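Report on one structure; see the data block that follows.
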């Protein structure tokens, strides 16, 4: 049983586990994007030594699909809703780093790190659910951001 299963929000929308999965996917996509090359700089080696197998074949990760890159862009926008410390914690976890390493790097206990990570995921989920609620077609006009009486005209 996952530790995030109990953190689902009341609504059937976004959950902390879905947010964590999307963050992990975004970290993976970002890792698989080709490295930016500066013009004029090149290597005379046929391949980097650490990405080859014993038979000399080059190992490269598969390029991400355009849809995966679009989802990554969306997820990176979500990180802007968090405080810088939360952003760093969430991204380190999305990259798959173990809690032991994260807690050493950030200088906090494991329980505190997990609580702050969970809170950050729920912040994102609440914001996404609120945006989805505002865009529902069956929402009552009183709940929408309405036009004032003077602007109607």
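I want to confirm something. Restricting to region 95-122 and keeping residues that are part of a loop (DSSP other than H, G, I, E, B) and without any contact (Cβ under 8 Å) to a residue 40 or more places away in the chain, which single residue is farthest from residue 14 (Cα to Cα)? My answer is 107.
Which one of 80, 92 is in a helix (DSSP H, G or I) and either surrounded by 15 or more Cβ atoms within 10 Å (Cβ to Cβ) or touching a strand residue (DSSP E or B) at 6+ places or on another chain (Cβ under 8 Å) (or both)?
Within the list 80, 92, the selection yields 92.
Residue 62 fulfils the conditions (1) surrounded by 11 or more Cβ atoms within 10 Å (Cβ to Cβ); (2) modelled with pLDDT of 75 or more except for a single criterion, (1).
Do the conditions hold for residue 12, that is, is it exposed (fewer than 11 other Cβ atoms within 10 Å of the Cβ), under 26 Å from residue 119 (Cα atoms) and modelled with pLDDT under 80? Yes.
The values are calculated or read from the model by the stated rules, or taken from the named source; none is laboratory data. All of these numbers come straight from a predicted model, not from anything done at the bench. As a convention, Cβ positions derive from the backbone with ideal geometry for all residues, glycine included, and neighbour counts pool all protein chains shown.
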